[in-house]
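All of the numbers you see were taken from the coordinates with simple rules; none came from a lab. On a predicted model such as this, the values are computed, not experimentally measured, just so you know. Methodologically, a virtual Cβ is constructed for each residue, glycine included, from the backbone with ideal geometry; neighbour enumeration extends over all protein chains shown.
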Amino acid sequence: MQVPHLNTIVIVGGGTAGWMTAIALATALRGRYRIRLVESDEIGIVGVGEATIPMIQRFNTVAGIDEAEFLKATNGTFKLGVEFVNWGRLGDRYTHGFGRLGQDLWMVGFEQYWHKMRALGQARDLADYSITRAAARANKFMLPRTDLGNSPLGEITYAYHFDASLYARHLRKLSEARGVERTEGKIVRVTQREHDGHVDAVVMENGERIEGDLFIDCSGFRGLLIEQTLEAGYEDWSHWLPCDRALAVPCESVPALTPYTRATAHKSGWQWRIPLQNRIGNGHVYCSRYISDDEAAHVLLSNLDGKPLADPRPIRFTTGMRKKAWDKNVVAIGLSSGFLEPIESTSIHMIQDAIQRLLDYFPDQGFSATDVEAFNRLSRFHYERIRDFIILHYHANQRDDAAFWQACARMEIPATLRDKIDLFRTHGRLRRVDSELFTEVGWLQVLVGQNIHPQAYHPLVDVQSEEGIRDYMEGVADVIRQCVDFMPDHAAFIDGYCKAPKM
Ligand code: FAD
């Protein structure tokens with residue numbers, strides 16, 4: 001039921017966060033509230049954030065976004081995981097693929113049998129037991145086929161790569177068609193109610209005053225409302241996630257069109273490679289205490305596959321989270337609520353997650369301290385769990401060639417992460433806590449990919465004969481190999497399904 005004190009929702013910012021929020025609210029609330037969005041062409045958007053994780057499919061479905069249309073509009077490609085190069089040791093290479101691993105055998109997880117057979121020198125690479133990893137390695141892709149019983153072809157779990165500016169533009173078109181009102185211009189002042197400090201309006205450069213009851217701060221790193229106005233505070237995690245700068249540059253495409261993101265560790269950070277239909281997005285994320293900006297640009301430009309299409313664009317950040325993502329009548333979504341490393345492409349997911357949480361705790365009856373607290377508690381839970389997973393990538397390294405990596409290997413890590421690693425080291429046990437984002441399979445791939453192996457496996461594994469386990473695992477690998485042979489090339493699939501028109 002709509003109540004008088006919540007009529008107008010104002011979204012400040014028109015980047016990925018702003019337009020995702022706009023389309024989600026316009027779709028979910030169906031015209032019950034006035035939704036306005038303010039963005040400044042002069043300030044622009046951060047313009048990176050082009051790799052996603054599979055949950056975005058759910059967002060697109062709920063928001064009524066047609067997959068093929070959206071990929072055409074954004075030069076999008078498919079993503080089956082992230083390939084990590086040089087993370088454990090120089091020369092190491094592994095993929096964190098989406099979805100399942102193997103087929104569950106008997107009483108314990110597939111990975112437990114793998115640990116045993118690996119210790120005996122009789123296991124294949126993990127990639128041979130995962131349809132997404134095996135397909136990524138072969139540059140293959142197709143949509144999952146759910147009509148083939150329990151074939152791995154029904155388990156192709158995927159996400160997207162897309163052009164961030166085109167994504168925002170696509171969402172804007174759909175949102176405006178659903179009634180969102182856009183105002184272009186710079187906000188120069190924010191006004192607050194005297195009696196309780198709630199924001200009551202943003203004031204534009206031309207003097208226009210945009211009033212609202214609920215404000216969503218999607219203004220990016222600056223946190224125009226949540227920080228510059230309400231001073232909600234920021235928890236700095238740079239002692240765990242020390243990279244603080246990035247340089248981004250697009251380059252020309254080269255074949256093959258890979259269905260995965262690549263993250264290559266350099267001496268003082270790492271470089272992303274995100275293949276789109278018309279170009280490759282690249283960026284060097286680095287720690288300014290260990291490398292100068294000029295050197296970082298040199299490293300980036302020396303490691304491109306194609307000719308650069310622009311000059312490298314600098315971005316600065318501090319990893320961490322806003323102490324209160326929701327304060328008074330302001331909810332921060334996107335970079336205004338915090339920033340973790342882009343290494344596992346989690347930021348856009350966190351936007352989606354925050355939007356869902358806002359809908360779960362939607363303040364249609366006014367602002368309840370209990371609801372706000374619950375929202376903030378859940379935000380913290382997700383931030384902290386993802387933070388731990390990302391720290392693992394930095395901490396679990398054996399690089400002896402670079403001071404940056406050695407410092408990461410030596411650093412004190414959060415107790416929650418320490419517990420996870422210790423549990424794994426003894427018997428390979430991994431337990432997903434509540435609704436934390438990354439699954440046991442995700443943790444396993446990164447731990448093993450970065451050379452952390454358990455000392456023992458689950459005792460129930462020994463109930464089966466070695467021969468039985470070997471035959472079963474070979475069977476799984478065989479089926480996956482046949483499925484990958486059947487799949488089309490990623491580029492061919494895109495040509496037939498969602499080829500973007502040439503501009
Ligand atoms: P922005 O894009 O910065 O948008 C801010 C908006 O606020 C703009 O429209 C701006 O005009 C407006 N605004 C600000 N101030 C004013 C004002 N005074 N008046 C009017 N309007 C104003 N995420 C992923 O999921 N995957 C990735 O691969 C990934 N890679 C990343 C790499 C790097 C180096 C960085 C820094 C981030 C990455 N992210 C990634 C995060 C991702 O880019 C962001 O989560 C996403 O783009 C959302 O940004 P935003 O909308 O919060 O902010």
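Quick notes on this one:
- Cα gyration tensor, the stretch 245-316 - rounded (a/c under 1.5), prolate or oblate: prolate
- For residue 326, the residues 5 or more places off, or on other chains, whose built amide H falls under 5 Å of its own are 332.
- Per-residue 3J(HN,Hα) values for the stretch 27-34, derived from phi via the Karplus relation 6.51 cos²θ - 1.76 cosθ + 1.60 with θ = phi - 60°, read 6, 6, 8, 6, x, 6, 10, 7 Hz in sequence order (x marks Gly and Pro).
- Overall, the stretch 415-503 carries a charge dipole of about 500 debye about its Cα centre when +1 sits on the Cβ of Lys and Arg and -1 on the Cβ of Asp and Glu, all other atoms neutral.
- Least to most buried among 331, 203 (fewest other Cβ within 10 Å first): 203, 331
- Counted charge near residue 478, where neighbours are those whose Cβ lies closer than 14 Å (Asp, Glu -1; Lys, Arg +1): -1
- Burial ordering of 55, 107, fewest other beta-carbon atoms within 10 Å first: 107, 55
- Potential lengthening of the chain between residue 440 and residue 407 amounts to 9.2 nm, from the contour at 0.36 nm per residue minus the alpha-carbon distance.
- Cα-based shape type of the chain, given that a ≥ b ≥ c are square roots of the gyration tensor eigenvalues and the cut on a/c is 1.5: prolate
- Cut-off under 5 Å, modelled amide H: who pairs with residue 123 long-range: 118
- Charged-residue dipole, Cβ positions (Lys, Arg, Asp, Glu), the chain about Cα centre, Debye nearest 20: 300 debye
- Maximal additional length on extending the residue 176-residue 356 stretch stands at 62.8 nm, based on 0.36 nm per residue less the C-alpha distance.
- Interchain or long-range residues, amide H under 5 Å from residue 200's placed H: 191, 192, 193
- Rounded FRET efficiency, nearest 0.05, which uses the C-beta distance separating residue 426 from residue 188 and R0 of 51 Å: 0.30
- The stretch 321-453, relative contact order [Cα under 8 Å, separation at least 6], %: 19 percent
- Farthest positive-ward along the chain dipole, Cα basis, beta-carbon charges - from 91, 188, 368: 91
- DSSP bridge orientation in the chain - percent antiparallel, rounded to nearest 5: 70 percent
- Computed over the stretch 245-316: relative contact order in percent, which uses C-alpha pairs under 8 Å that are six or more apart: 45 percent
- Potential lengthening between residue 456 and residue 374 on full extension [0.36 nm per residue; Cα-Cα distance subtracted]: 25.5 nm
- Relative contact order, whole percent, for the chain stands at 23, derived from Cα pairs under 8 Å and 6 or more residues apart.
- Global form of the stretch 39-115, assessed from the alpha-carbon gyration tensor, a/c cut-off 1.5: oblate
- Residue order, fewest to most beta carbons within 10 Å, for 311, 200: 311, 200
- Subset of 173/499; 72/140; 267/323; 267/307 violating a 25 Å alpha-carbon distance limit: 267/323
- The label-point distance for residue 67 and residue 419, in a model that sets each label 7 Å from Cα toward Cβ, rounds to 3.7 nm.
- Each residue of the stretch 263-279 was assigned a 3J(HN,Hα) from its phi angle through the Karplus expression (A = 6.51, B = -1.76, C = 1.60, θ = phi - 60°), giving 10, 9, 6, 10, 5, 10, x, 7, 10, 9, 9, 10, x, 9, 5, 10, 6 Hz with x at Gly and Pro.
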